[in-house]
Amino acid sequence: MLAIIGGTGLTQLDNLEITRRLIVRTPYGEPSQPLIFGKIAGREVIFLARHGNGHTIPPHEVNYRANISALHLQGVTEIAAVATVGGIHTDLAPGVIAMPHQIIDYTHGRKNTYFDGIDLPVKHIDFTEPYCPELRDKWELAAKSIGETLINHGIYAATQGPRLETAAEINRLERDGATMVGMTGMPEAALARELGISYAAICPVANHAAGRGDSLHAIQYEDLVENLNQTMTRVRNIIAELVKRNGFKKNEV
């Protein structure tokens with residue numbers, strides 16, 4: 001089964017025919033909201049808004065372990081995540097949709113593993129390729145089939161938030177090789193890997209990162225929101241095509 005995790009700007013799917021909501025309790029607490037079950041093009045999916053229904057949970061307070069665990073308990077095998085970013089590389093202007101292939105983790109203090117209890121064995125997952133290549137291919141084919149262009153590469157810098165970065169910090173991230181910056185990419189991707197769930201992210205660019213483009217001296221929040229609203233319409237269309245084209249299992253709800 002496919003799950004879609006929505007981020008900033010995607011707290012609901014307008015094209016989702018909702019069939020039920022389910023409160024799930026996990027050993028790690030409750031997820032950001034009740035899981036929303038529904039159908040797109042006749043195929044069942046689960047939707048979860050990462051920041052909660054009213055976008056009230058900041059990035060560093062998201063219970064990532066509960067979110068991924070709740071989806072796993074419902075039999076989810078693939079997660080298509082939407083994660084809004086700021087563009088560092090010149091190709092990543094507002095309105096562009098990118099699909100990163102690598103990630104650098106700058107977060108701290110987040111619960112980032114299911115294997116940290118004194119009674120649990122240490123587990124080292126392979127994270128050489130943090131995003132599932134097969135699911136990334138599905139994202140790309142879905143976009144192409146409806147005439148949308150994805151930048152099918154990039155390095156996502158996951159920062160702590162909730163504040164946006166300084167221009168000097170963006171310079172540092174660029175020197176490290178990052179091409180985009182967001183606040184929710186980790187530990188979400190790693191937790192999915194620990195539970196054996198295929199995971200890939202699609203990243204709408206909401207703004208130039210600090211010190212870049214029209215964010216040279218300040219990020220204009222009003223422009224960011226407007227850009228994001230327009231881009232999310234396209235992201236929803238890609239999601240609908242992703243579900244329709246790629247044979248996710250039809251289940252009864």
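Quick grid of which residues meet (1) assigned to a helix (DSSP H, G or I); (2) surrounded by fewer than 21 Cβ atoms within 10 Å (Cβ to Cβ); (3) touching a Pro at 6+ places or on another chain (Cβ under 7 Å):
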site	(1), (2), (3)
M186	no, no, no
L191	yes, no, no
Y199	no, no, no
E226	yes, yes, no
I239	yes, no, no
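Residues that are farther than 30 Å from F115 by Cβ and of a type in the set (G, A, S) were ranked within segment 18-69; the one that is surrounded by the most Cβ atoms within 10 Å (Cβ to Cβ) is G38. Within segment 167-202, if we keep just the residues that are touching a Gly at 6+ places or on another chain (Cβ under 8 Å) and of a type in the set (V, I, T), the residue that is farthest from E134 (Cα to Cα) turns out to be I170. Within the option set A66, A80, A70, A93, being within 30 Å of G211 (Cβ to Cβ) and either among the small types (G, A, S) or in a loop (DSSP other than H, G, I, E, B) (or both) holds for one residue only, A93.
Per the listing G177, G109, G182, G154, the residue uniquely small (G, A, S), surrounded by fewer than 18 Cβ atoms within 10 Å (Cβ to Cβ), under 30 Å from H217 (Cβ atoms) and touching a residue at least 24 places away in the same chain (Cβ under 8 Å) is G177. From the list K244, K138, the one residue that fits, being buried (at least 22 other Cβ atoms within 10 Å of the Cβ), under 24 Å from H72 (Cα atoms) and of a type in the set (K, R), is K138. Only one of the numbered conditions (1) surrounded by fewer than 13 Cβ atoms within 10 Å (Cβ to Cβ); (2) touching a helix residue (DSSP H, G or I) at 6+ places or on another chain (Cβ under 9 Å); (3) over 12 Å from N67 (Cα atoms) is violated by L13, and that is (1).
Only the coordinates and a few stated rules stand behind these numbers; no lab work does. On a predicted model such as this, the values are computed, not experimentally measured, just so you know. No Cβ is skipped: glycine too gets one built from the backbone with ideal geometry, and neighbour counts run over all protein chains shown.
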